[in-house]
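Let me begin by presenting the structure, written as structure tokens, before commenting on it.
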Amino acid sequence: MSEYHLDIDNQFGLLFDASECIGCGNCYEACKKENDLPATNPSRLGLAGADKDFLKDHLSDKTYTVVEEYGDIYARKMCMHCLEPACASVCPVGAFEKTELGPVLYNADKCIGCRYCMQACPHNVPRYEWGSTSPRVRKCILCYDKLKKDGITACAEACPVEATISGKLPDLITEAKRRIKENPDKYYPHIYGLEETGGSNVIIISPVPFEQLGYSSKVPKQSMPTFTMQAMEKIPTVVSVGGIFLTGMYWLTKRKNQLAKEENGKGKG
Amino acid sequence: MVALYVLLGFILLLVIDYFVIRGEKKYHPAFQKKYEVVEDVVFDNISVTIPADSYVSKGHTWAELQGNGLIKIGVDEFILRSIGRFIVTNLVNPGTVVKKGDVIMNAKLGDKNFNFRSPVDGTVNFVNDELVGKTVFDPYGEDWGVMVSPINFERNAVSLRANEKVVEWMKNEFIRLKDYLVEMSVQPQLAGVTMLDGGKMVEGAVAHLNKESIKKFEDEFLTI
Amino acid sequence: MQKSEVRSQKSEDRDQRSEIKGQVLKTGRHRNSQSEIRNLKLNGAKLSFWKIVAVFIAVVGVYSLFVRFTKGLGASTNLSDFVPWGLWIGIDFIGVGLAAAGFTIAATAHIFHNHKYESIARPAILSAYIGYMMVVALLVIDLGKPENFWHPLVMWNIHSVMFEITWCVICYSTILTIEFAPVVLEKYKFDKLLKIIKKITPAAVILGVLFSTLHQSSFGSLYLIVPAKVYPLWYSSFLPVHFFISCIAAGLSMIILSAYLCARAFKQGLNIRILSGLGKGVLAVLIIELVFKFVELYSTGKFSLLFAQTGETYFFWLEIFLGSVIPIWILANPKYKVNRTGLYFASISTISGFILNRMNVCVTSLVRSSGQSYSPSFEEVGITLFLILVSVLAFKFIVENFRVFEEKVHDEVEVSKEEIETKDLIFDK
Ligand code: SF4
Ligand code: SF4
Ligand code: SF4
């Protein structure tokens, strides 16, 4: 899997700490602004709604990240920017790309719209512009341009309590480990995204087990593309063995028929 | 649920098609047990049937593949129509190795003898003993002749006809029969009895011919 | 209707009578093909019920296509972010699987030189060809950006199963063209080209088998990457193998079924010897598949799921019963395995099980994890039916205008000459 940049030391990432998150929605708004996305929560649309109605929003082609409410805990949902992204490995035209900086980016000009990326993503992240006649796949891009320029994502910049921080991935992992170690009572002892799907650039820590916050616990620890590779790597064998076998059978049966014919001819003669 | 819809859609298409065929008063190919050749060129409005999926030989014997791999052999209705109510006098013995074209059944009507031949190569396994000394009434059912374990049915089968091909061929056979009978009857010394009845044939007309003509009938219609 | 048909035939018989004599077989053969063509036309005029249905489907289909291309996928389908693949992908799976007969029969006839099946090679290859064209059309309609359909040709991602499938389908369609080309070329007498094509046919068939094997199984590989989403009864790291085995049984059954459909539409005789031969193949494959499936379920510890009270379990059992148990029972029964009714039901049952299996993998198995149920929209159904209609019409057109069905009854005179040694074993006179 060498085409993915497993040299993570220089990759950027995001740490989300559900214990710290206060559910203010600043990241949600910042993301919309940074990526020029239209408002989708009811009050912004001029409809009546509660104060924190962004909590009821969900990921869509117009929303790259959401904050969800689980009792008194808030959890962010967004693309995990997997180290070996399923979406990039399945795309027939390579429209998804894992960049050296870490973000998994999408190129709408290449995309043919097969939607395999959506089917394959273990976190159900990519969204589709169903309403368009030339639809694109939409998801968080880890603020690629801003990250390159400022080294920080819009959502991390907007977060008032350091619940979302961005930075180099090794530093984030150290930070996550530090927080868990310093406050063992406050945290469930697991870093989501460290092993899930072979690791991702977005890592999450939380006070409760992760499936309680809607993060899938069924996600394999293995990197997703290996599931496919197990089958794909057999192709050369199948082709060569099959080819030899079939060619052999072709000659054998042909020869057999010929012999049978000659035999018959002799018998008759 | 979608899975069920698609499945039901598939089955529904087949069921509707079945009823469409029924509505047209035709057989659905899957449920057709026999083919009818309506043929009044020779006989008066007598329809001859051919069993579905039997392989009919040039000598008017049929071969039907059985589930156990054996081949059941009998005579077809053409023979019943043309010869009449003959009596089976002899069947080949079990264990005999027969080749395609070998005689497997003798029959007689009055003092005339007829031989029917095997459509396939093989070893005779069973014979229908009940049939000996009796008249064939149900040629495709009860009154089959012998069962053979075939030797190379694949090779035999390419020269045998089945289903629609038999229907086409059978029509020709009746035309041929009529021509033959006409030819026989214009030579009064060959004809035993007059059999032309206002242009149509009397059923079993062949049996009225003399022995020489019957020899010719055998050559024309019963050899393979 | 039938009566008048017979009448017209008869008067023709009368006209020809004088010539026929003595040369019945030769003229008879000629007449056969003529009358067959006439029968085709007669039949065409008779199918009024299906004609009305066809017109209706065509109207609905064109309307649906219009909606699909002017309003987009969102407006024309019930697909969503949670169910990105729906009916169309399922139909693609089914179509490609049923077209598997093309390579199985081509291999049997041209690689294993089993001449028995030569006579069905052409119809099988034709239906595979049309099946693939339909699937490709449906895939393109299903693409969000159909105008970019050619991208996989120039933009490669060799790690993608979808990429592999695209290439295999393209290559295999080319090979099907080569395999089917003689039918067209011989009609227009392109003898030189025909010779070249005949020369490369064996190589083409071998490549065709390889490409088919690859992409039939790759349809299963598509789901390997979503182990957490597919319901465990269907998920297996052997999914590609399952897909490959089951497509053979389904493809062979499809040939059996289409023999009945052709018998019904083209007055094409059923050849029970060939059909029961195919039936044997289906039986063998079904048994292998069933044993493999259960051994695998057992060894991966999923046996308890077979008795869990969930919707998935019922679907799974229905699939097993329709697609394996019933056809195995019919085909193993000596009474039914050479019986046209028996073979008919065995093939329908196998295909039903197959349809259910593919739809289960691509829809039923994902319902639980996506948390959303999906049922196709009017337009999705309309376009699907429309494409099926177009395929049927294309098949009909080609059969009527080219020599697809070979008349394989040898002139008995030829054959018998060498074989007759009439020995009157029992008739002593
Ligand atoms: S979370 Fe999904 S969309 Fe994001 S990188 Fe991973 S596989 Fe791709
Ligand atoms: S929808 Fe586009 S980006 Fe997604 S897998 Fe297909 S081609 Fe690639
Ligand atoms: S990283 Fe950027 S694109 Fe992604 S959620 Fe945060 S603000 Fe939005």
**Fill in**
Taking Cα atoms, the helix B:164-186 axis meets the longest principal axis of chain B at an angle in degrees (rounded to 10) of 20
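Restricting to chain B, what percent of DSSP beta bridges are antiparallel, rounded to 5?
Roughly 95 percent of the DSSP beta bridges within chain B come out antiparallel.
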**Chain-alone versus full-assembly comparison, region A:93-115, residues with accessible loss of at least 50 Å² (1.4 Å probe)** = A:V93, A:I112, A:R115
**Asked** In square nanometres, what is one fourth of the surface area of the convex hull spanned by the alpha carbons of region B:42-221?
**Response** 9.8
**Prompt:** Per the Kirkwood formula on distinct C-alpha pairs, the Rh of region C:242-285 is how many angstrom?
**Reply:** 10.8
**Message:** Test of understanding: what is the full-extension gain from A:V161 to A:I8, defined as 0.36 nm times their sequence separation minus their Cα-Cα distance?
**Reply:** 52.5 nm
**Fill in**
Quick calc: nm separation of the 7 Å Cα→Cβ label points for A:T174 and C:A203 -> 6.2
**Fill in**
So for R0 = 30 Å, FRET eff. of A:K186-C:T310 from the Cβ-Cβ r, to 0.05, ends up at 0.20
**Request:** Please report, in debye to the nearest 20, how large the charge dipole of region C:242-337 is about its Cα centre when each Lys and Arg carries +1 at its beta carbon and each Asp and Glu carries -1 there.
**Result:** 540
**Complete:** For region C:82-422, the Cα gyration tensor yields equivalent-ellipsoid semi-axes (√(5λ), largest first, whole Å) of 35, 26, 18
**Request:** Enter the mean number of other protein chain beta carbons within 10 Å of the beta carbon of each residue in C:225-234, as an integer.
**Result:** 5
**Prompt:** In a Debye calculation with equal point scatterers on the alpha-carbon sites of region A:161-200 and no solvent, what is log10 I(q)/I(0) at q = 0.15, 0.18, 0.31, 0.33 Å⁻¹?
**Reply:** -0.37, -0.53, -1.19, -1.21
**Fill in**
Protection proxy (average C-beta count within 10 Å per residue), highest first, orders C:358-369, C:187-198 as C:358-369, C:187-198
**Request:** May I ask you to work out the translational diffusion coefficient for the protein assembly as shown at 25 °C, viscosity 0.890 mPa s, via Stokes-Einstein with Rh from the Kirkwood sum over Cα pairs, reported in whole µm²/s?
**Result:** 77
**Request:** Calculate the length of the line joining the C-alpha centroid of region C:216-244 to that of region B:70-101, in whole Å.
**Result:** 57
**Message:** With +1 assigned to the C-beta of every Lys and Arg and -1 to the C-beta of every Asp and Glu, and no other charges, what is the dipole magnitude of region A:1-223 about the Cα centre in debye, to the nearest 20?
**Reply:** 440
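Would you mind computing Rg(Cα) / (2.2 N^0.38 Å) for region B:81-150, counting N as its residues?
1.06
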**Asked** On full extension of the chain, what length is gained from B:N125 through B:L4, given 0.36 nm per residue of separation minus the C-alpha to C-alpha distance?
**Response** 38.7 nm
**Request:** Please report, to one decimal in angstroms, the Kirkwood hydrodynamic radius of region B:123-169 built from all distinct Cα-Cα pairs.
**Result:** 12.8
**Request:** Mind checking which of A:A18, A:I203, A:I112 is farthest towards the positive end of chain A's charge dipole, using Cβ charges of +1 (Lys, Arg) and -1 (Asp, Glu) about the Cα centre?
**Result:** A:I112
**Request:** Compute the semi-axes of the equivalent ellipsoid of region A:211-269, taking the square root of 5 times each eigenvalue of the Cα gyration tensor, and list them largest first in whole Å.
**Result:** 57, 11, 4
**Complete:** The Cα radius of gyration of chain A, divided by 2.2 N^0.38 Å with N its residue count, comes to 1.40
**Message:** Taking just the alpha carbons, could you work out the radius of gyration and Dmax for region C:179-253, both in angstroms?
**Reply:** 18.4, 57
**Complete:** Averaged over the residues of C:263-274, the number of partner chain Cβ atoms within 10 Å of each residue's own Cβ comes to 6
**Request:** Would you mind checking region A:250-264 for residues with the amide N under 20 Å from a putative spin-label position 7 Å along Cα→C-beta of B:N152?
**Result:** A:252-264
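Evaluate Rg over Rh across region B:26-144, taking Cα atoms for both radii and Kirkwood's formula for Rh.
0.97
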**Asked** If you take the charge dipole of the protein assembly as shown about its Cα centre, with +1 on Lys and Arg Cβ and -1 on Asp and Glu Cβ, which of C:L270, B:N113, C:F315 is farthest toward its positive end?
**Response** B:N113
**Request:** Report relative contact order for region B:42-221 in percent, whole number only (criteria: Cα-Cα under 8 Å, sequence separation at least 6).
**Result:** 26
**Prompt:** What does the highest-first list of A:226-239, A:86-99 look like by mean Cβ count within 10 Å?
**Reply:** A:86-99, A:226-239
**Item:** P(r), alpha carbons of region C:35-186 - 10 Å bins starting at zero, rounded %
**Value:** 9, 27, 32, 23, 8, 1
**Prompt:** Can you give me the relative contact order of chain A as a percent, contacts being Cα pairs under 8 Å and 6 or more apart?
**Reply:** 24
**Message:** What distance in nm separates the two pseudo spin-label positions at C:V183 and C:F69, each 7 Å out from Cα along the beta-carbon direction?
**Reply:** 2.7
**Item:** Inter-chain shielding of C:375-388 (mean C-beta neighbours from other protein chains, 10 Å cut-off)
**Value:** 1
**Message:** Along the charge dipole of chain B, pointing to its positive end and built from +1/-1 on Cβ of Lys, Arg, Asp and Glu, which listed residue (B:G141, B:F86, B:M1) has its Cα farthest out?
**Reply:** B:M1
**Request:** Please give the contour-minus-distance gain from C:A394 to C:S375: 0.36 nm per residue of separation, less the Cα-Cα distance, rounded to one decimal in nm.
**Result:** 3.9 nm
**Prompt:** If you place +1 on the Cβ of every Lys and Arg and -1 on the Cβ of every Asp and Glu, how big does the dipole about the Cα centre of region B:42-221 come out, in debye to the nearest 20?
**Reply:** 360
**Message:** 7 Å from Cα along Cα→Cβ at both C:A332 and A:D72: what's the point-to-point distance in nm?
**Reply:** 6.4
**Complete:** One checks the Cα atoms of region C:135-294 and finds Rg and Dmax, in Å, of 19.0, 57
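The values are calculated or read from the model by the stated rules, or taken from the named source; none is laboratory data. Every value quoted in this text rests on a predicted model; they were computed, and no experiment measured them. Reconstructed Cβ throughout: ideal geometry from the backbone, glycine too, with neighbour counts over all protein chains shown. Protein only, heavy atoms only, side chains kept; ligands, DNA and RNA dropped before computing areas. Shrake-Rupley method; radii C 1.70, N 1.55, O 1.52, S 1.80 Å.
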